[in-house]
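Following: one structure in structure tokens, then a few remarks.
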Amino acid sequence: MRDAATPLVTPAEMASVDRASIASGIDGYGLMEAAGAALAACVLKHYPHAARADILCGPGNNGGDGYVAARHLRAAGMPVEVYSLVDPARLTGDAAIARDDWSGSIEALGEMQPARETVVVDALFGGGLDRPIEGTAAAVIDAINRESVPVVAADLPSGISGRSGEMFGTALKADHTVTFAAAKPGHFLLLGAAHCGVVHVVDIGIPWRFVQALQVNLWRNDPPLWLDSLPQSESTDHKYSRGHLGVFSGGFSSTGAARLAALAGLKAGAGLVTVLAPAAAVAANAAHLTAVMLRKVNNDADLEELLEDERLNAFVLGPAFGIGERARVFVDRLAAAGRAIVLDADGLTSFCDHVGQLKDAGARTATLLTPHQGEFSRLFPDLVEDASLSKVDRARHAAERTGAVILYKGADTVVAAPDGRAAINANAPPWLATAGSGDCLAGIAGALLARGMPLFEAAAAAVYMHGEAGRTAGEGMTAEDIPNALPALSALRVE
């Protein structure tokens, strides 16, 4: 049986799952016992030779997990010191039971002195934090980070929001994060993704039916999310049945971006790809193209003639295309003709003061917008200025506003659909941040749309394929390496 897509659950949703589990008759302290044991197991597996484990316990159930971990680590023979942010007598509920089951000493958190030969278990706050860390806790966190002490975090590193990945003033930099039952958005959104280290999702006995009952519409962007929609190759295929992608080129000195998108589209599986260039850029493109075709498109009339061929079914517009009314007119014509559109780079910037026209396009045809942070800020400044919104929230609002799927690029790329579905990508290596990389991504998405893949799934698959290509090409790669490093669609089906 194929694995299911991995849901991402906010801390508030996870709290409701915990309550439902306990209400069903599951022992709450039993869940805490399993969580603390998992923390201890992670420490013992990855730091078996640590001189000592320093357990940092907070005021809630996260702190209770820490007391349980301390007990298991000591039972395994590892020296342990426990430090509490609050007077341990203030603990209640399951956390108080865990405190009582720990028979060792408990020191004030301010007494903790980081040492590199030790390992820290961070059970201070977890992912439900929604305020800045201050005072003693902030000072201890900063001291641990300065000393580069290895850290195993419970749920999320203290200072990181499980909902948004935001850092509240300061945050521990963990090497491993052990989370329970389901991963959280903050594990994969920045800055959380940069602070969590290796994320381990462990089963502590919470029935999966309670997670399923949430009807989550946010997932990690892995193949099970879109594999069933991936184009299948048939023995009866011919080049036109595999889709024909058009990529608009810029002027004479701005042709490289379109060629990158075009080659990536061809390698991603489009049957044909044609670069559509103004007359002044035809010769420049012709000198570099082989399998990719070339056609002159100077103006509105040329575009209307082009659209008479219904086999040209998807288009990429934007990479070095030029900013202005011509881009908006071309998008209007493509939308009126019902052709799938990937709008990138200059194409997006052309709509900064005309977002209403994007909504018109999104209402008429499959439209994918691929902004990076700067482009998103220019298109949707109010969403960026709203500090209460996570990156997922912003992408969802933008998708609802435009009727398009939003591919909000970055190290934590988010794909969001107007119906609320969203996915956070997690496989992109940092060296994908290189000139021309986004042009290749636009071409990959365009090819999948040309092959008939649904819009949200095509965008999510394109992002994943782009990340895998970066990993295959390796550090030091350039955008020119991405097309040849793309995974075959057949290889994705067996992952």
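The values are calculated or read from the model by the stated rules, or taken from the named source; none is laboratory data. Everything quoted here is computed from the prediction, not taken from an experiment. Methodologically, a virtual Cβ is constructed for each residue, glycine included, from the backbone with ideal geometry; neighbour enumeration extends over all protein chains shown. Surface areas here come from the heavy atoms of the whole protein model, side chains and all, with no ligands, DNA or RNA. Shrake-Rupley method; radii C 1.70, N 1.55, O 1.52, S 1.80 Å.
Keeping all protein chains in the complex and leaving out DNA, RNA and ligands, what accessible area do you get for M78 with a 1.4 Å probe, in Å² to the nearest 10?
Rounded to the nearest 10, the figure is 10 Å².
Under a 1.4 angstrom probe, counting protein chains only, how are T255, T236, T10 ranked by accessible area, largest first?
Largest to smallest exposure gives the sequence T236, T10, T255.
Would you calculate the separation in nanometres between label points at I22 and H288, each defined as 7 Å from the Cα along the Cα-to-beta-carbon direction?
6.1
Just to make sure I understand: if all protein chains stay in place, what is the order of H372, H195, H200, H238 by accessible area at 1.4 Å, largest first?
Output order, biggest surface exposure first: H238, H372, H200, H195.
So what's region 422-495 giving for Rg/Rh, alpha carbon basis, Kirkwood Rh from the mean inverse pair distance?
Rg/Rh: 0.94.
Could you give the size of the charge dipole of region 406-469 about its Cα centre, using +1 on the Cβ of each K and R and -1 on the Cβ of each D and E, expressed in debye and rounded to the nearest 20?
Dipole size: approximately 60 debye.
Could you tell me the calculated FRET efficiency between E107 and W431, based on Cβ-Cβ distance and R0 = 60 angstrom, to the nearest 0.05?
The pair E107/W431 has a calculated efficiency of 0.90.
Quick one: the Cα spread of region 176-309 along its three principal axes, in angstroms, biggest first?
So the three principal-axis extents are 64, 39, 26 Å.
For R333, R209, write out the residues from largest to smallest accessible area, computed with a 1.4 angstrom probe and no ligands counted.
So the residues, ranked largest to smallest area, are R209, R333.
How long are the semi-axes of the equivalent ellipsoid of region 239-382, defined as square roots of 5 times the Cα gyration tensor eigenvalues? Whole Å, largest first.
23, 17, 14
Pairs of Cα atoms under 8 Å, at least six residues apart: use those to get the relative contact order of the chain, whole percent.
Taking the mean separation of contacting Cα pairs over the length of the chain, I get 12 percent.
If you take the Cα atoms of the chain, find Rg, then find the Kirkwood Rh from the mean of 1/r over all pairs, what is Rg/Rh?
Radius of gyration over Kirkwood radius for the chain works out to 1.06.
What's log10 of I(q)/I(0) for region 28-168 at q = 0.10, 0.14, 0.16, 0.19 Å⁻¹, Debye sum over Cα points only, no solvent?
Here log10 of I(q) over I(0) equals -0.28, -0.56, -0.75, -1.09.
Could you tell me what % of all Cα pairs in region 20-76 have separations over 20 Å?
28
Roll a 1.4 angstrom probe over the protein heavy atoms and tell me the percent of accessible area of the chain that is carbon or sulfur.
49
Can you compute log10 of I(q)/I(0) for region 318-359 with the Debye formula, treating each Cα as one identical point scatterer, at q = 0.15, 0.16, 0.21, 0.31 Å⁻¹?
-0.29, -0.33, -0.58, -1.20
When DSSP beta bridges are limited to those with both residues in the chain, what percentage is antiparallel, rounded to the nearest 5?
Antiparallel bridges: around 15 percent, rounded to the nearest 5.
What residues of region 446-490 lie in the reach of a label at Y240, counting those whose backbone N is under 16 Å from a point 7 Å from the Cα along Cα→Cβ?
Counting only backbone N, you get 451.
Separation of region 259-309 and region 132-160 by C-alpha centroid, Å?
First find each Cα centre; the distance between them is then 53 Å.
Per the Kirkwood definition applied to all pairs of different Cα atoms, how many angstroms is the hydrodynamic radius of region 241-304?
Evaluated over region 241-304, this radius sits at 11.6 Å.
Per q in 0.16, 0.19, 0.21 1/Å, what log10 I(q)/I(0) does a Debye calculation on the alpha-carbon atoms of region 366-488 return?
Here log10 of I(q) over I(0) equals -0.72, -0.98, -1.16.
Quick one: length gained pulling A51 to I323 fully straight, 0.36 nm per residue minus the C-alpha distance?
Additional length available on full extension: 91.9 nm.
Report, to one decimal in Å, the Kirkwood hydrodynamic radius for region 276-339 based on all distinct Cα pairs.
Result for region 276-339 stands at 12.6 Å.
When every alpha-carbon pair in region 209-280 is counted, what percent end up more than 20 Å apart?
54
Taking only protein heavy atoms into account and a 1.4 Å probe, give the accessible area per residue of the chain in Å².
Ligands and nucleic acids excluded, the figure is 39 Å² per residue.
List the lysines whose Cα sits under 17 Å from the Cα of K239, skipping any in the same chain fewer than 8 residues away.
K267
Show the residues, 5+ positions off or on another chain, whose built amide H is closer than 5 Å to the amide H of E107.
Sorted by chain and number, the residues that satisfy this are V82, Y83, S84.
Dividing the convex hull volume of the Cα atoms of region 121-243 by its residue count, what figure in Å³ per residue is obtained?
Once divided by residue count, the hull of region 121-243 is 163 Å³.
Nothing charged except the Cβ atoms of Lys and Arg (+1) and of Asp and Glu (-1): what's the magnitude of the dipole of the chain about its Cα centre? Round to the nearest 20 debye.
840
Given R₀ = 30 Å, what would the calculated FRET efficiency be for A139 paired with L190, taking r from the Cβ atoms and rounding to 0.05?
Step by step, r from the Cβ atoms, then E = 0.75.
Modelling each spin label as a point 7 Å along the Cα-to-Cβ direction, I'd like the Q212/T472 distance in nm, to one decimal.
3.5
If I model a spin label at V202 and D100 as a point 7 Å from the Cα along the Cα→Cβ vector, what separation in nanometres do I get?
Each label point lies 7 Å from its Cα, and together they span 2.4 nm.
How much accessible surface does D142 have with a 1.4 Å probe, in Å² rounded to 10?
60
For A491, project a label point 7 Å along Cα to C-beta. Then give me every residue of region 226-265 with its amide nitrogen under 15 Å of that point.
Hits in region 226-265 for A491 at 15 Å: none.
Taking R0 as 51 Å, what FRET efficiency do you get between A115 and A336 from their Cβ-Cβ distance, rounded to the nearest 0.05?
0.15
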